[in-house]
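Below: the structure, in structure tokens.
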Amino acid sequence: MSELRFTVDHEWLRVDQDGLITVGVTHFAQDALGDVVFVQLPEAGDYEQGAEVAVLESVKAASSIVMPMAGEVIAVNATLEETPELVNQAPLTEGWFFRMRAADMSAFDSLMDESAYARFLTATADA
Amino acid sequence: MTDTLHKTPLFDLHVELGAKMVPFAGFNMPVQYPLGVLKEHLHTRAAAGLFDVSHMGQLILRGADAAAALETLVPVDIIDLPVGLQRYAMFTNEQGGILDDLMVARLADDVLFVVVNAACKDQDLAHLQSHIGSRCSIESLFDSRALLALQGPKAVDVLARLAPSVASMTFMQFAEVELLGIPCYVSRSGYTGEDGYEISVPNAQAEALARRLLAESEVEAIGLGARDSLRLEAGLCLYGHDMSVDTTPIEASLLWAISKNRRADGARAGNFPGAATILAQHANGVSRKRVGLLPQERTPVREGCEIVDADGNVIGQVCSGGFGPTLGAPLAMGYVTSAFVPVGSAVWAVVRGKRVAMTVAKTPFVEQRYYRG
């Protein structure tokens, strides 16, 4: 499994062997949201970076999932429709959201790696 | 920012328990503990939950004229409220709007104990002082007493270990009770739809009492997140959301709380702010009312969503909404025009630009389990 990259919106990305990118939310995000009770998955298609493509609803509130890079949503994790709690239980594995094809792979390399994301979390907590 | 927030006497305990603290009505309050909102909610319905609601405003009114005076500010029978009973009431304004909702208990013939909402308490105190301050003494307990709620089917077993007398209290009864040797005010009521108690305790002893209750195996600490989902399932209104100065008690479907003897044909009809408007609405009906709403999909429908009819005409707005852990489904309350008030009416919420079908439903969504003896 290749290394994970992270965004300031607390999403993680992983390049798979077929060249597609899997996207999900981080431990920090699921913990901040609390118990997830509903997931609205993206529709397949092309989106700009930052487009709101999916929604997570916890008991407390709704939160958007944005497109981490420009590209095309190819597949979604339909399991989440019936078992949204997977987002809390396994955010980095079975709780993945969607798979996408990046319009420009160089954008992936500019995202935070694990240690940069850890520093970002610390900085955010101190702010 | 957090420096300017008030802390309840249980602040250190919340932090020690690992609570996630959030600003709420000027207080730093626990929204959830490590258990999480979902499990906290289910635990309260299955066993017992302890809530810190010390942010709420507690007041004592004293004087031979106190009950008659308070009655001029609420559409509720206070004069005939028996000693040892509590009643739900609301402060109304001259337009018939709701300034706040409150609980009133009669502690003695000439002593009333009042609990108001945190966000309204300073305004409520000023309201009382300006309108009835000359007729009775008004003592604020804002800085001297904490309020704990112990809710759930096991609450009675737990609290009876500290004071056996509380087991024989029935819903809405109120008593002075010694708990751990501390003089407390205890009511058998709450905000979850479950049996349970609210306990007013002096600040200095609040933490000792809370720790003692949490030491019981049935009890978990419960945050404001679960408090909200519990009250929503029980169909209970939250001030500032489900009612406000812009809604009357009739529009808010709170006719049940207007005492019979304060209504148009009652012995002490009217004589509260906005009485003309409110009693006319009771007689002639209103153009919109608060109803229960059950979304027909899994999408939670939140406060502020527009409600539309089959043709897309806007007919109302959601005032509270979310997911009900006991119901296992989303649920909401909203204001709709009168044609859609009947239970079973089909309406739609607009959520992120998409229509979600909803059915107007009776409340409570989850059966209330008060102890009525």
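All of the numbers you see were taken from the coordinates with simple rules; none came from a lab. Predicted model only: the values in this text are computed from it and were never measured. Backbone-built Cβ (ideal geometry, glycine too); neighbour counts: all protein chains shown.
Of note:
- Total formal charge among the other residues, if their Cβ is under 12 angstrom from that of residue A:77, Lys/Arg +1 and Asp/Glu -1: -2
- In region B:319-373, the trypsin sites (Lys or Arg not before Pro) that fall in loop regions by DSSP, at most 11 other Cβ within 10 Å: B:362, B:372
- Amide hydrogen proximity for residue B:315: with H placed 1.01 Å from N in the peptide plane, the residues at 5 or more positions away or on another chain lying under 5 Å are B:307, B:308, B:309.
- Charge sum, other residues only, whose C-beta stays under 13 Å from residue B:9's C-beta, Lys/Arg counted +1 and Asp/Glu -1: -1
- Based on Cα contacts under 8 Å between residues 6+ apart, chain A shows a relative contact order of 28 percent.
- Here the gap between residue B:338 and residue B:4, fully extended at 0.36 nm per residue and compared with their Cα-Cα distance, gives a gain of 115.8 nm.
- Convex hull volume of the Cα atoms of region B:125-170, normalised per residue: 145 Å³.
- Computed helical MRE - 222 nm, chain B, DSSP H runs ≥ 4 contributing -39500 (n - 2.57), nearest 500: -5500 deg cm²/dmol
- Of the residues B:309, B:242, B:195, the one that moves most in a GNM of chain B with alpha-carbon contacts below 10 Å is B:309.
- Where GluC sites (Glu not before Pro) in DSSP loops with at most 10 other Cβ within 10 Å are excluded, longest remaining stretch of chain B: B:95-366
- Chain A, helix-only ellipticity at 222 nm - DSSP H runs n ≥ 4, -39,500 (n - 2.57), divided by all residues, nearest 500: -6000 deg cm²/dmol
- Dimensions (Å) - the protein assembly as shown, Cα atoms, principal axes, largest first: 82, 56, 40
- Distance cut-off 15 Å, percentage of C-alpha pairs in region B:287-365 lying past it: 44
- Long-range amide H partners of residue A:54 with built H, under 5 Å: A:65
- All distinct Cα pairs of region B:22-64 go into the 1/r average, and the inverse of that average, the Kirkwood radius, is 12.8 Å.
- Theoretical FRET efficiency, 1/(1+(r/R0)^6), r = Cβ-Cβ of residue B:79 and residue A:105, R0 56 Å, to 0.05: 0.15
- Cross-link pairs B:39/B:154; B:39/B:354; B:39/B:121; B:7/B:121; B:260/B:289 - those with Cα-Cα distance over 23 Å: B:39/B:354; B:39/B:121
- Relative to the globular-protein estimate of 2.2 N^0.38 Å, the Cα radius of gyration of region A:53-127 stands at 1.27.
- Size descriptor for region B:1-285, Kirkwood hydrodynamic radius: 19.3 Å (Cα pairs only, one decimal).
- Net charge dipole, region B:4-90: roughly 320 debye, given to the nearest 20, about the Cα centre with Cβ charges of +1 for Lys and Arg and -1 for Asp and Glu.
- With the largest listed first and rounded to whole Å, the semi-axes of the equivalent ellipsoid of chain A from the Cα gyration tensor are 20, 19, 13.
- Computed from backbone phi, the HN-Hα couplings of region B:186-195 come to 10, 10, 9, 6, x, 9, 10, x, 9, 4 Hz, rounded to whole numbers (Karplus: 6.51 cos²θ - 1.76 cosθ + 1.60, θ = phi - 60°; Gly and Pro given as x).
- For residue B:356, the shell of other residues with beta-carbons less than 14 Å away shows a net charge of +1, using +1 for Lys and Arg and -1 for Asp and Glu.
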